[in-house]
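*Asks:* Mind having a look at this structure? Questions to follow.
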Amino acid sequence: MKHEKSLALPIKNIIIENERVKTFVFEYDMDFAPGQFVMTWIPGYDEKPFGIVSRKKGEFMITVAAVGESTKALHSMSVGDMLGFRGPFGSTFSLPESGPIALIAGGYGMASLFNLAKEAREKKLDVHVFLGARNKNELLYLDWMKELGAELHLSTDDGSAGYKGFNVQVFEKEVGKQSFYKVYTVGPEIMEMKIAQICWKNNIPFEVSLERYMKCGFGICGSCSVDPKGWRMCVEGPVIDGEKLKQIKEFGKYHRTASGKIEHYSSAKK
Ligand SMILES: Cc1cc2nc3c(=O)[nH]c(=O)nc-3n(C[C@H](O)[C@H](O)[C@H](O)COP(=O)(O)OP(=O)(O)OC[C@H]3O[C@@H](n4cnc5c(N)ncnc54)[C@H](O)[C@@H]3O)c2cc1C
Ligand code: FES
């Protein structure tokens, strides 16, 4: 269990990843494990969960897509502005003894997977990263992944980099060619569901990060509980292994909003 803390920190640096995503850098040695998140207080707005990323000791980052009121407010902040943090929280990814392993990320998913890739490379495991995005500008952390020595399999919706199509298709083809010891996926839930189905079918152990609406972040409000077991995704999750995932009936079908109302994913059967 990592030591949980509350602290306020100034933004040290801001990296513009693309039109919708920025990375905020902080000078602080965050004691976390891959897959964990931090509740981030955006003054005057709200407190929101983000995956923790760190490239070197003494520094951590959050990579944020501007999707709504709080994240847009965060995007308007400058170097030196203060943010509040509670955490780290949540369950963590676990590595096998040997590789190769596959990491499949969509959207900002690479944020929760970056330190898993880093740890795996430090243990000399072969790491295959299946990175998908709408276009080449939205492929996150490309240079950092190259530096780690990960094997990259890129895909974009518009074909501007790598395969024209989805990373799920690229991954499925690769599964036919080689055996992965373990698979990890973070991204839109429909993508995660497709990866889960491939892994279940091919008997490959895997872990997903399952995001649910989080308020307290440490298990007391019940906002992030999943049906039918009531597991809290801020404590028993967000990282869930493939066997346990079979018992989460809402996976790939629906999630709950801030008020607890069920909201179905558009392409999921009701
Ligand atoms: C464990 C975890 C890790 C995450 N890591 C990242 C990350 O690394 N980078 C990133 O850009 N985003 C991440 N998110 C999602 C991020 O928390 C939401 O995008 C953000 O809270 C949206 O807030 P908003 O006010 O801008 O948008 P809103 O308009 O309030 O919501 C936009 C979308 O974000 C979801 N959302 C809003 N508030 C929360 C909340 N408190 N908890 C969970 N989902 C919420 C909503 O359901 C909706 O789908 C993560 C979420 C979780 C649960
Ligand atoms: S966010 Fe409160 S129990 Fe998980």
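*Asks:* Averaging sequence separations of C-alpha pairs under 8 Å and six or more residues apart, then dividing by the length of region 5-89, give the relative contact order as a whole percent. Provide the component values of the computation, followed by the final result.
*Replies:* On the way: 177 pairs, mean separation 35.6, N = 85.
That works out to 42 percent.
*Asks:* Which cross-chain or sequence-distant (5 or more) residues have an amide H under 5 Å from the amide H of Ile104, H modelled 1.01 Å from N in plane?
*Replies:* Placed amide hydrogens put Phe130, Tyr184, Thr185, Val186 under 5 Å from Ile104.
*Asks:* Mind ordering 84-94, 211-221 by average Cβ neighbours within 10 Å, highest first? Write out the running numbers ahead of the final one.
*Replies:* Details: 84-94: 21.0, 211-221: 17.5.
Highest mean packing first, the order is 84-94, 211-221.
*Asks:* Sort 231-238, 7-14, 20-27, 200-207 by packing, meaning the average of other beta carbons within 10 Å per residue, with the highest value first.
*Replies:* On the way: 231-238: 22.9, 7-14: 13.5, 20-27: 18.4, 200-207: 15.8.
Listed from highest to lowest mean packing, they are 231-238, 20-27, 200-207, 7-14.
*Asks:* Please compute the contact order of region 210-270 in relative form: average sequence separation of alpha-carbon pairs under 8 Å and at least six residues apart, divided by the residue count, as a percent.
*Replies:* Working: 78 pairs, mean separation 16.8, N = 61.
In percent, rounded to a whole number, it is 27.
*Asks:* Relative contact order of the chain, please, whole-number percent, based on alpha carbon pairs below 8 angstrom and at least 6 residues apart.
*Replies:* On the way: 585 pairs, mean separation 42.7, N = 270.
Reported as a whole number, the value is 16 percent.
*Asks:* Please work out the average accessible area per residue across region 34-75, using the 1.4 Å probe convention, and give it in Å².
*Replies:* Values: 1630 Å² over 42 residues.
So region 34-75 comes to 39 Å² accessible per residue, rounded to a whole number.
*Asks:* Quote the convex hull volume per residue of region 47-148, based on C-alpha atoms, as a whole number of Å³. Don't skip to the answer; put the middle values down first.
*Replies:* Numbers: hull volume 13.3 nm³, N = 102.
Dividing the Cα hull volume of region 47-148 by its residue count gives 130 Å³.
*Asks:* What is the P(r) of the chain, as percent of Cα-Cα pairs per 5 Å bin from 0?
*Replies:* Taking every Cα pair in the chain, the percentages come to 1, 6, 13, 17, 20, 18, 14, 8, 2, 0, 0.
*Asks:* Beta carbons within 10 angstrom, averaged per residue: use that to sort the peptides 247-260, 115-128, highest first. Provide the component values of the computation, followed by the final result.
*Replies:* Numbers: 247-260: 15.1, 115-128: 18.5.
Per-residue Cβ counts within 10 Å, averaged per peptide and sorted highest first, yield 115-128, 247-260.
*Asks:* Now for a separate question. Can you tell me the Rg and the Dmax, both Å, for the Cα atoms in region 210-270?
*Replies:* Gyration radius and largest Cα-Cα distance of region 210-270: 11.1, 32 Å.
*Asks:* Further, regarding this structure: In deg cm²/dmol and to the nearest 500, what is the mean residue ellipticity at 222 nm of the chain if only DSSP H runs of at least 4 residues count, each as -39500 (n - 2.57), divided by the residue total?
*Replies:* Numbers: 6 runs with 53 residues, N = 270.
The helix contribution divided over the chain gives -5500 deg cm²/dmol.
*Asks:* Something else about it: If you check each cysteine of the chain for another cysteine whose beta-carbon is under 4.7 Å away, which ones come up empty?
*Replies:* Cys199, Cys224, Cys234
*Asks:* What residues have an amide H closer than 5 Å to that of Lys5, excluding those fewer than 5 places away on the same chain, when H is modeled at 1.01 Å from N in the peptide plane?
*Replies:* Under 5 Å from the amide H of Lys5: Gly87.
*Asks:* Summarise the accessible area of the chain (1.4 Å probe, protein heavy atoms) by the percent that is carbon and sulfur.
*Replies:* On the way: 6330 of 12750 Å².
Within the chain, the accessible surface is 50 percent carbon and sulfur.
The values are calculated or read from the model by the stated rules, or taken from the named source; none is laboratory data. Please read all numbers here as calculations on a predicted model, not as lab measurements. Glycine also receives a Cβ, built like all others from the backbone with ideal geometry; neighbour counts cover every protein chain displayed. Ligands, DNA and RNA are excluded from the accessible area calculation, which covers all protein heavy atoms including side chains. Shrake-Rupley method; radii C 1.70, N 1.55, O 1.52, S 1.80 Å.
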